[in-house]
Every structure is written in structure tokens, then in C-alpha cells.
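Data first, discussion second: the structure below is written as C-alpha cells.
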Amino acid sequence: MSKLDDLINQLCPSGVEYKTFGDIVCFINGRAYKQEELLQEGKYKVLRVGNFFTNNSWYYSNLELEENKYCNKGDLLYAWAASLGPKIWDGDKTIFHYHIWKLEFDETIISKRYLYHFLRFDVDKMYKSLTQSTMPHVSMASMQKREIPVPPLEVQNEIVRILDKFTSLEAELEAELEARRKQYEYYRDSLLNFVDDSMSDGRQVEWKTLGEIATDIYRGSGIKRDQVTTEGIPCVRYGEIYTSYNIHFNNCISHTIIDNVPSPKYFEHGDILFAITGESVEDIAKSIAYMGNEKCLAGGDIVVLKHNQNPKYLSFALSTNNAIMQKGKGKVKSKVVHSSVPSISEIKIPVPDLETQEKIANILDNFLQLTNDITSGLPAEIEARKKQYEYYRDKLLTFKRKEA
């Protein structure tokens, strides 16, 4: 980094001027949509927080809006609620939703890529100061007061050159990981499509609601965070369904003391668990199958489905894009998203005979295992590159403040 040191010594030897974001950036907020305005097909994509860092479950709109309510390729955006952080938009003309800002600024003063890297640096600092009791968010007023060092453009550009090397490698690894995941999802959805409601041998496949499939369906009972123990009766809390389990599992990562739960609700081998509270419409009612043999406790905001079908098959069928769209139908994002027993009961999936269910479950289980084996090294490599980037980013974006 001798070139950068030389530039700093030459162009800003006495320090760097700090400015507030309000001095150099104009924050343009997106448009809030009603659920009925969001379409499955349309002229424009609608970029929401749920799509901001992923490419899943897009909605569309045919509304013609003011030009500043669209983002175009190259625009710098910032998600200010739920998942905080910047993104340089690389798609076509798109409507951006409320909870997202478009940033406008003078690039003769501050480089877009420099601002992007600094916003990533800044959001990490913000997360440390946020409480975890509510959905993470930052107000425009508070954002405008935050400070950013603004060295000469030559210094900014050299910092960008160094940091972009790390992010480009990280992006390549993430693209490979995403490609593997998409390959699995495509194969899963194709196998569970059942064109014309029949199988290749001509046998018919019934589409049934979970209410028709269920032999029983009920909500769990609350288990607080401070009631989780390392020993006792196994249990699952709803947040763990999002963060700690995949399609099916054999063992619970948490336990509790039965005396902590005044009205215990249990689940057993083969039951399907749904998380009915979440942070996004796209993730709501994620479901998993329990394949262990212990009798376990279901925490609050979990729905337990009992049935006489193949549990692994049900879990795969409930993870398809078709099922995910049904889970999110009619849900509105506020601070959190909720589902319910009646909503889950209405989800419709294909239900072939038990022999076919087992065959499909085995095929997808093997394919998922193969996918995980191929990608097992990628997440660790990505995490290592992120740590390396963060180390150099934090070092490079910390400057001596120029005295007034």
C-alpha cells in the first residue's frame, strides 16, 4: 500500500476533512405499496428489502411514477430497515420500495465506489449500537448526521482499487455458491411440478391442502430465550427454524426445563414445524421435518402439523417456490410478518402415493447432500475473504481528522 501512503502524504498530510452525509448526499425514499398493487407479472420489477441482497420472489408493477422513484443500472441504493446496507444496482429500470433510499451525490467530490465501501464499513458500526428488541432500522435524520471522511479523489480511487480486489473474489465465490443452490432449487421444483396432475406412468396426483392432509394441527407454547438450557427436554424455538435447521433434522440444538412451560405442546417423529413469525414475507412459515425419536417441545410462534404422509416429502414440497408464494400470499410487511394455523391449512401441495413420495424424497435428499458436499468449502472460503476485506477496509477508511 506504499502508493496509497505516498498519495496521503502528498495530498492530505495534515489529515482528512470529515463531512456529514447530509452535506454531500441526497437520500430519496422509495414508494410504499399496498399489497394489491404488487403483481406476479408486470412492466417493472419492484425492489423490496426482501430482494435487496437476494434474487428471490420478485413482485412487479405497471404503475408509471416520477422518475426519481426508479433506480437504474449503476445507482447507489441503501436499505434502511430490516437488513441495513448499500448496494450498487446492476439491473434494468426498477421501482424501489419504501425502506430503500436512492443516493444522489456529486462524483467530483466523492467516488461512488468509495461511498459504497464506506457505507459497508459504517453499517457494521451501526449494528453494534442497535438494540435487538426491534427490527433494525435507521432514520434519514440520523443518517444525515453521520460523518464520512472525504479525502482527495486520487486517494479515494486508490482505496477503491485495493478493496475491489477483495470484493471481486468474494463475488465470484458467492456466485458459484448461488449457482449450486439454484441448480438444486430448479431440480426440486421440476421434480415436484407434476404437469397435468399426473406422473410419467399415467397415475394421477391429487393436490391437497394441508388442512386435508393434517391429522392434527396446533400452535406451540412460548419458551423464552432465558429459559433455554443445555440439558433438559429438547425444544425448538421459532427463530431457530430460520437460522439453525434445513429441510429436516434429527436433534434439537436447545433444551429447557419442563417447569418453565406451563402449557407444553409437543412434537414427535415425522411432524412438520412451521415458524409463523418472521422478518420477511418471503421467509414466513418456513417449515422443517423432525426425523428424530425423542418427544420434544414446540415453542411459541410455531405450528405443528401431524399427518400420515412421508415427512421428508412434505418438507421438500413445502420448500418449493410454489409453496413459498402460497405462504406469503396476503401477508403485509410491518415490523414483523405473521402467519397462522388457518393460513397454513390453506396451502396446497401435490400428494402422490406413499411409494412415490419416498422415491422423490430419497432423490432430493441425495441431490441436496451432493450439493452441500460440493459447496461445503465455499461458505468457509467466503467468510475468510469477508474477514480479510473487513480488516483492510476498516484500516483504509480510518483517517486522521484534519483540524478546522
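Just want to confirm a number: the relative contact order over the chain, from Cα pairs under 8 angstrom separated by 6+ residues, in percent. Could the numbers behind the result be given before it?
Numbers: 703 pairs, mean separation 73.3, N = 404.
Relative CO of the chain lands at 18 percent.
Apply the Karplus curve 6.51 cos²θ - 1.76 cosθ + 1.60, θ = phi - 60°, to the phi angles in segment 220-234 and return the couplings in whole Hz, x for Gly and Pro.
3J(HN,Hα) across segment 220-234, in whole Hz: x, 10, x, 10, 6, 4, 6, 9, 6, 10, 8, 10, x, 7, x.
Using a 1.4 Å probe on the protein heavy atoms, what percent of the accessible area of segment 31-149 belongs to carbon and sulfur? Spell out each step's value before the answer.
Values: 2820 of 5880 Å².
Within segment 31-149, the accessible surface is 48 percent carbon and sulfur.
Would you tally the net charge around His269, using a Cβ to Cβ cut-off of less than 13 Å, leaving His269 out, and scoring K and R as +1, D and E as -1? Numbers along the way, then the final one.
Numbers: positive: Lys295, Lys306, Lys312; negative: Glu268, Asp271, Glu294.
Within the 13 Å Cβ shell, the charges total 0.
Given Lys306/Lys348; Lys286/Lys329; Lys102/Lys327; Lys286/Lys387; Lys224/Lys387, which pairs have Cα atoms separated by over 23 Å?
Lys102/Lys327; Lys286/Lys387; Lys224/Lys387
Rounded, prolate or oblate: which one fits segment 152-311, using the alpha carbon gyration tensor with axes a ≥ b ≥ c (rounded when a/c is under 1.5, else prolate when a/b beats b/c, else oblate)?
Since a/c reaches 1.5 but b/c is at least a/b, the shape of segment 152-311 is classed as oblate.
Would you be so kind as to identify all helices of the chain, as entire DSSP H runs, whose Cα atoms reach 20 Å or more along the helix's own axis and whose mean Kyte-Doolittle hydropathy is at least -1.0?
Flagged H segments are 112-129, 153-191, 354-375.
Can you give the alpha-carbon Rg of segment 1-95 over 2.2 N^0.38 Å, where N counts its residues?
On the way: Rg = 18.6 Å, N = 95, 2.2 N^0.38 = 12.4 Å.
Compared with the compact-globule rule of thumb, segment 1-95 sits at 1.50.
Please give the direction-averaged projected area of the C-alpha convex hull for segment 254-404, in square nanometres with one decimal.
Numbers: hull surface 62.2 nm².
So the Cα hull casts an average projection of 15.6 nm².
By its C-alpha gyration tensor, with a ≥ b ≥ c as the square roots of the eigenvalues, how is segment 234-296 shaped: rounded for a/c under 1.5, else prolate for a/b larger than b/c, else oblate?
Cα axes put segment 234-296 in the oblate bin.
Long-range amide H contacts for Val16: which residues qualify at under 5 Å (H placed 1.01 Å from N, peptide plane, sequence gap of 5 or more or a different chain)?
Result for Val16 returns Lys400, Arg401, Lys402.
Quick one: accessible area per residue over the chain, 1.4 Å probe, rounded to a whole number of Å²?
51
Order of 184-193, 321-330 by packing, highest average Cβ count within 10 Å first?
Descending packing order for the listed peptides: 321-330, 184-193.
Per the 1.4 Å probe, what fraction of the accessible area of segment 231-349, in percent, lies on carbon and sulfur atoms?
48
Given a cut-off of under 8 Å on Cα pairs at least six residues apart, what relative contact order in percent is computed for segment 162-317?
27
For Ala79, what is the net charge nearby, where nearby means another residue's Cβ is under 11 Å from its Cβ and Lys, Arg count +1, Asp, Glu -1?
So the environment of Ala79 carries a net charge of +2.
What are the residues whose amide H is under 5 Å from the amide H of Val336, where those residues sit 5 or more places off or on another chain and H is modelled from the backbone?
Distant-sequence amide H within range of Val336: zero hits.
Using per-residue counts of other Cβ atoms within 10 Å, averaged over each peptide, order 71-79, 113-121 from highest down. Let's see the in-between values first.
Working: 71-79: 18.7, 113-121: 21.6.
Highest-to-lowest ranking by the protection proxy: 113-121, 71-79.
Assuming R0 = 51 Å, what is the FRET efficiency of Glu212 and Leu370, from their Cβ-Cβ distance, to the nearest 0.05?
0.95
Could you tell me which of rounded, prolate or oblate describes segment 272-353, using a ≥ b ≥ c as the square roots of the eigenvalues of the alpha-carbon gyration tensor, with rounded for a/c under 1.5 and, failing that, prolate when a/b is larger than b/c and oblate otherwise?
The shape class here is oblate.
Ala285's amide H: which non-local residues (gap 5+, or another chain) put their own amide H closer than 5 Å, with H modeled 1.01 Å from N in plane and none for Pro or chain starts?
HN-HN under 5 Å from Ala285: Ala275, Thr277.
If you average over every viewing direction, what projected area does the convex hull of the Cα atoms of the chain give, in nm²?
So the Cα hull casts an average projection of 23.2 nm².
Within the set of other residues whose C-beta is less than 13 Å from the C-beta of Pro311, count the net charge using Lys and Arg as +1 and Asp and Glu as -1.
-2
The values are calculated or read from the model by the stated rules, or taken from the named source; none is laboratory data. Note that this is a predicted model, so its numbers are computed, not measured. Cβ coordinates were reconstructed from backbone atoms using ideal geometry, including for glycine residues, and neighbour counts include every protein chain displayed. Side chains are part of the model used for accessible areas, which takes the heavy atoms of the whole protein and leaves out ligands, DNA and RNA. Shrake-Rupley method; radii C 1.70, N 1.55, O 1.52, S 1.80 Å.
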